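Remarks on the structure that follows.
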Amino acid sequence: MLLLLPLLWLPHAAHADDMVVIVNTASHVHSMTRDQVIDIFMGRFRQLPSGATALPIDVAEPGERQSFYELLVHKNLAEIGSYWARLVFSGQATPPFRAPDSRAALELVATNPDAIGYCYRSAVTGRVKVVLDLKP
Amino acid sequence: MTSSLDHLLRLISRLAPRSVVARTTLAIFGFSLVLGLGFALAAANLVHEHEYSRLESELEQLVSTVESTTQIACYLNDQTLAREVVTGLMKTDAVGGVRIMSGNNVLYESMRPGTTRRGKRVAQIDRPINSPFDASRQVGSMTVYLSPAQLHAHAWTYTRFILLILAGEVAAVSGGVALTVFLVVTRPIKGISDELHRLRQRAGPLLQVPAGNEGDEIGRLVADVNSLIASLNQLVEAERSLRIQHEVFERQMRLVLEKTALGICIMDEHGALQSCNPAFLRLLAIPKLGTDAARTLQQILAPYAAEIGEMISRCHAVGKPCEADFEVWREEHAAVNWIELSLNPLGPQLLLGVIDDVTERKRSVAAAQQLAMSDPLTGLLNRRGLEAAIAHAFAAAANPGGLAMLAIDLDHFKEVNDTLGHEAGDRVLHHVGRVIAAAVRRTDLVGRLGGDEFLAVLVGVGPAQQALQIAEDIIARLDAPLELQGTAVRVGASIGIAVSAGNEDNPAALLRRADAAMYASKQAGRGRARLAEESAEQAEQAEEPERPEEPEKRSA
């Protein structure tokens, strides 16, 4: 696992790009703080600032997911995995729903008003609304 | 308060052992015990502090190991996770309790009994718990309590160890002190003391310095004691020789006192005798002083009580010796003795009396006087003796009128002397002296003035006629022939008589008148007695012209 870490690092370096947190355009939420985003993605709360129950959406592709967690909480995927693994037994929190790729994630956000997801800034379309910029 | 303190001190002194070793050891033991307890107390405190901080840092480390899990538990408000953390921590004995807070709510808590006892200081570690994703965001807190029982158990273990070491040290030091005091102080002192005890019986030798103590305090003590002993010995020796000397001297003095012929006595200022020597008793003919304290010198010499009393008070007042002679009657010798008494002041109230028997001296003086006063040829008084006797008689006689002076001159002595020699002359003179002495009374004075001139003084004679009668008796006796070398010799005598007048007190004048009368009787034809004129002037007139008549006597 540790040996793999340098390999995982390389794709991230390739995508040295801003990432954004996105919601449905119909959402009443217009902007979010970093803490609000962390709390939702790391399972602390599942409520949006608007009061609706949030549906966080992860991307299965390790490159994009890695970039997102690096920018959001400065942790690599192994650490995030370990974090969730610890919580499996208590059952108090569940990890976000994992979309197979970034396109599917974008689609989910565009179609689900309570969904909250992330993508590279370059991938943002008009069907989603950016609520937080994540800069390296 | 003070009496109770005294009582306590008495009790302590009674309970304290008599041996120096035991006392020193006890003192050191007590001191070490107190000091050791103090140290132990301080050490216990120190150990407690140390153990506390040790446990604290241990717990800090412990907390650090579970911090990330706690962060997650707090972040997610996950009670299950929190319980896991707490349960894990509670497995450590040093942990007394754990409390995990999420925000203001207690997420999970577990406490051992007795951990948070009220009023007791409980050690605890407070750790803020931050979000696992944002170190600046606090999501809860964690408090870990140290287990007091554990802390105390650990601290007590260490303290007990220290106490054990200290107790061992106290015992070792006390034992060492006891041994040292015994070896260094008590044993040498005991040795010295034993030697001193023995020393009391045999004088002379000095103490031995105990081996190894030559230069220290004990050595000095022994040296001092030795010098003290030496000086004491010297003192005793000096005292002894002085006493012997004194005894010898006293014996000598006693012997002198007993053997001396001088009577010696000691009396007080009133003359009461206190002691005397045998010679004193012998001289005064008394058996012994007796117990009668009132017996005084005045009583012994009763006839001179006043004189002696005066002597004593004079000697006592002036403080100088004085002496006097006394005549005492000795019954057993039926004789008169002379003693010389001298008094000497002997002290504030004492006098030394010395009595010497001066009888012999007195007698020899009297004999010498007798010799000087008498005429060896006739045994009668000589001129000087006569003068003294006459002066005495004049002074003694109440009335000088009772004196008659007979001037006797031999008529034919010169012829006898010339024809028969001086020896015959001397015999004649001797004969004449005896004749005259026989003619007068014993109390009368008879003397030879020189040559063939004799003088008789009749004391207490009656009328002049009586004197004349005696004179004629003498003439008659001398007129009788005297047998000398086969020759009958007749010396014959002329006598002048002067009877003292009532107003006449001069013996010389009386003698002159008697002489004058004698010359007158010679001129009248010798062999007769003649009364002198009453007038002194007449007698003087008669004296001058009649002196040259002397050759006439020779021719006869």
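What follows is calculated from the coordinates using simple rules that are stated; it is not laboratory data. Since we're looking at a predicted model, the values are computed, not measured. Methodologically, a virtual Cβ is constructed for each residue, glycine included, from the backbone with ideal geometry; neighbour enumeration extends over all protein chains shown.
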Worksheet item: Add -39500 (n - 2.57) for each DSSP H run of 4 or more in chain B, then divide by its residues: what number comes out at 222 nm, to the nearest 500 deg cm²/dmol?
Response: -18000 deg cm²/dmol
Worksheet, complete the sentence: Hits in segment A:42-70: amide N under 11 Å from the 7 Å Cα→Cβ extension of A:VAL124, namely none
Practice prompt. Mind checking the full-extension length gain between B:HIS50 and B:ALA367? Use 0.36 nm per residue of separation minus the Cα-Cα distance, one decimal, nm.
Written response: 100.7 nm
Worksheet, complete the sentence: A correct Stokes-Einstein calculation for chain B, using the alpha-carbon Kirkwood radius, 20 °C and 1.002 mPa s, returns a whole-number D in µm² s⁻¹ of 55 µm²/s
Item to complete: Restrict the search to segment B:167-231; then list the GluC sites (Glu not before Pro) that DSSP places in a loop and that have at most 12 other Cβ atoms within 10 Å of their Cβ.
Response: B:GLU214
Item to complete: Calculate, axis by axis, the spread of Cα positions in segment B:420-521 along the three principal axes, and write the results as whole Å, longest axis first.
Response: 50, 25, 21
Worksheet item: What is the distance, in nm, between label points placed 7 Å from the Cα along the Cα-to-Cβ direction at A:PHE89 and at B:ARG442?
Response: 17.9 nm
Worksheet item: Among B:35-48, B:381-394, how do they line up from the highest to the lowest mean number of other beta-carbon atoms within 10 Å?
Response: B:381-394, B:35-48
Worksheet item: On average, how much area does the Cα convex hull of segment B:97-195 cover when viewed from any direction, in nm²?
Response: 12.1 nm²
Worksheet item: So what are segment A:5-134's ellipsoid semi-axes, whole angstrom, largest first, if each one is the square root of 5 times an eigenvalue of the alpha-carbon gyration tensor?
Response: 21, 19, 12
Worksheet item: For segment B:434-507 and segment A:86-126, what is the separation of their C-alpha centers, rounded to whole Å?
Response: 211 Å
Response to the item:
Per-residue Cβ contact counts at 10 Å, fewest first, order A:ILE116, B:ILE165 as B:ILE165, A:ILE116
Practice prompt. Can you tell me the FRET efficiency between B:ALA476 and B:GLN299 if r is taken as the Cβ-Cβ distance and R0 is 51 Å, rounded to the nearest 0.05?
Written response: 0.30
Response to the item:
Length gained if B:GLN466 through B:ALA135 is fully extended, taking 0.36 nm per residue and subtracting the Cα-Cα distance, is 100.2 nm
Discussion item. Over the Cα atoms of segment B:203-248, each weighted equally, I'd like the Debye log10 I(q)/I(0) at q = 0.31 Å⁻¹, rounded to two decimals.
Written reply: -1.01
Fill in: Across chain B: Cys residues that no other cysteine approaches within a C-beta distance under 4.7 Å
B:CYS74, B:CYS315, B:CYS322
Item to complete: Write out the GluC sites (Glu not before Pro) in segment B:328-386 meeting two conditions: DSSP loop, and at most 11 other Cβ atoms within 10 Å of their Cβ.
Response: B:GLU331, B:GLU332
Worksheet item: Count of lysine pairs in the protein assembly as shown with Cα atoms under 28 Å apart, counting only pairs 8 or more residues apart in sequence or on different chains?
Response: 11
Response to the item:
Among trypsin sites (Lys or Arg not before Pro) in segment B:413-446, those in a DSSP loop whose Cβ has at most 15 other Cβ atoms within 10 Å are B:ARG441, B:ARG442
Worksheet item: Length gain on complete extension for the stretch B:ARG240 to B:LEU15, per 0.36 nm per residue less the alpha carbon to alpha carbon distance?
Response: 76.3 nm
Fill in: Volume in Å³ per residue [convex hull over Cα atoms, computed for segment B:22-153]
122 Å³
Worksheet item: With θ set to phi - 60° and the Karplus curve 6.51 cos²θ - 1.76 cosθ + 1.60, what are the ³J(HN,Hα) couplings of segment B:382-389 in order, to the nearest whole Hz, using x for Gly and Pro?
Response: 8, 4, 5, x, 5, 4, 5, 5
Worksheet, complete the sentence: Final fewest-first order of B:CYS276, B:CYS74 on the 10 Å Cβ neighbour count is B:CYS276, B:CYS74
Worksheet entry | Rg(Cα)/(2.2 N^0.38 Å) for segment B:1-44, N = residue count | 1.53
Worksheet item: To the nearest µm²/s, what D does Stokes-Einstein give for the protein assembly as shown at 10 °C and 1.306 mPa s, using the Kirkwood radius over alpha carbon pairs as Rh?
Response: 36 µm²/s
Item to complete: Can you check what the Kirkwood hydrodynamic radius comes to for segment B:260-363, Cα pairs only, in Å to one decimal?
Response: 13.7 Å
